[in-house]
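A quick write-up on the structure given underneath.
Where a number appears in this text, it was derived from the coordinates with a stated rule and is not lab data. Small disclaimer: the values here were computed from a predicted structure and weren't measured. Backbone-built Cβ (ideal geometry, glycine too); neighbour counts: all protein chains shown.
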Amino acid sequence: MLAMELRTIQSARPSNNSLSTDYSRIGLSPFIKWAGGKSSLIDHLLPFVPLRLSNYYEPFLGGGALFLAICGRSTKFNAFLSDTNRDLINAFMIVKTRPFDLIRRLARLRSEYKATRSKEDYYYDRRGWKPRTLLDLAARFIFLNKTCYNGLYRVNPRGVFNVPFGHHKNPRIFDEENINRISRALKDTHTRLNAVDYKKSTAKCGPGDLVYLDPPYHPSSRTASFTDYTPNGFVQEDQEELAEVFSQLVDRGCLVLQSNSDTHLIRDLYRGHRVQSLLVNRPINCIGTERRGFKELIILGIPTRNRSRHRLKHYSQTILS
Ligand SMILES: C[S@@+](CC[C@H](N)C(=O)[O-])C[C@H]1O[C@@H](n2cnc3c(N)ncnc32)[C@H](O)[C@@H]1O
C-alpha cells in the first residue's frame, strides 16, 4: 500500500511552480453557496488536473468549484457536468443559455428583497412561490440559496424545499460579472449538463478522461457531516458502490480524482490508491454546530499505463514524492 501522509493546509501547499497556466479567466467562483463546496481545497486539487485535458467529468457537481477553477486556467476541453439535484442542474443550464434574462430576474428579486421591511416574510413568500418557467425556477433557486440558512439545500419527503430563513445581514444574491463569465465558460467547454445519478453520467467515460468525484462525505460521526443533499442521503453502501465505480473507471483508463472525509471506511475502500490527507477548515461541515478542523482525503486513481514519471510530470510534486 502506498504511504499516507497527514498534512495541514498550511504545510502542504502544492508546489505548482512549473505549471505554465493561462490565468486570463481567473475570478470564476460558484454562483451558489453549497454544502461541501470545494473552494477551500482548490489549491490542493488543481495541481492534480493535467494541463492538457480533453474530457472532464464532474458527476457530483454542487457549486462546481473545481470545474470553475479549471476554466480559470483554460477552457480548451469538453465538460460533462451532472448532479442528481434537478434544481441545481436547471440553474446551471439557465446560467449557460440565458444569463442576461437570469440577471434581470435576480436583480428584481434583489431589489424587492432590499426594499421590503420584513426580509423574513419576503423569503417565505418566495419559498412558497411555484414558478412556471425554468428561468423563474433558476432565479428562485439562486435567491433562496443566498438568503436561506447556511446555503443549505434540503427538501421534505414531497421534494419541497424547506430550509428556514438565514438571517444574513446583507446577502450578496448574485454577481453579474461572475454569472456572465461562468456562462461563457460553460459555452466554451461545450458543457453537457444532466440531472442524473453519477453511475449513469460516468458510464461512457474512457481512456484519458478526467473524472472528479466529490460525493457527499462519509460522516466521521453521526452528527459530524451534512450528507442529506437528496431525500435518500448517501449511506455506507453508496460509499462502497462508489469505490467499485472508482476502480472500474481507473481500469477503463480514466484518471480519477476524489475528495472525501478521512475515515477508516474511506481509507479501507481506497487501499492501494494514492491518498493524501489534509486538515481543512470547513465553513459548512454540518448543520451549524461543528466548524472546526476537518480531516479530508484526496484520492487519486491513475490508470496503469499512465503511471510513468513522464506522463505524471504535469501533476503536483506532492504525488510524485
Ligand atoms: C459534496 S457535494 C459536491 C460539492 C461540489 N464539489 C462543490 O464544489 O460545490 C455532493 C453533491 O452530490 C450530489 N449527489 C448526491 N448523491 C448523488 C448521486 N447519487 N449522483 C450524483 N450526484 C449526487 C448532491 O446533490 C451534491 O450536490
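Among T304, T97, the order by Cβ neighbours within 10 angstrom, fewest to most, reads T304, T97. Measuring nothing but how far apart in sequence close Cα pairs (under 8 Å, 6+ apart) lie, relative to its length, the range 93-175 scores a relative contact order of 28 percent. FRET efficiency for the R271 to A107 pair, using the beta carbon distance and R₀ = 45 Å, is estimated at 0.30. Between the amide H of R274 and those of L300, I302, distances stay under 5 Å, these residues lying 5 or more places away or on another chain, with hydrogens modeled in the peptide plane.
On the beta carbon distance between E237 and K169, with R0 = 45 Å, the FRET formula returns roughly 0.60. In this Cβ point-charge picture (+1 for Lys and Arg, -1 for Asp and Glu), the range 154-220 has a dipole of about 240 debye about its Cα centre. Annotation for N194 and H264: the two label points, set 7 Å from Cα along the Cα-Cβ direction, are 3.7 nm apart. When T189, T133 are arranged by Cβ crowding within 10 Å, least crowded first, meaning fewest neighbours, the order is T133, T189.
For the range 93-175, the spread of Cα positions along the three principal axes, ordered from largest to smallest, is 33, 30, 20 Å.
Spin-label model, D121 to Q248: label points 7 Å out along the Cα-to-beta-carbon direction sit 5.4 nm apart. Cross-link pairs exceeding 24 Å in C-alpha to C-alpha distance, out of K38/K119; K96/K146; K130/K169; K33/K295, comprise K38/K119; K130/K169.
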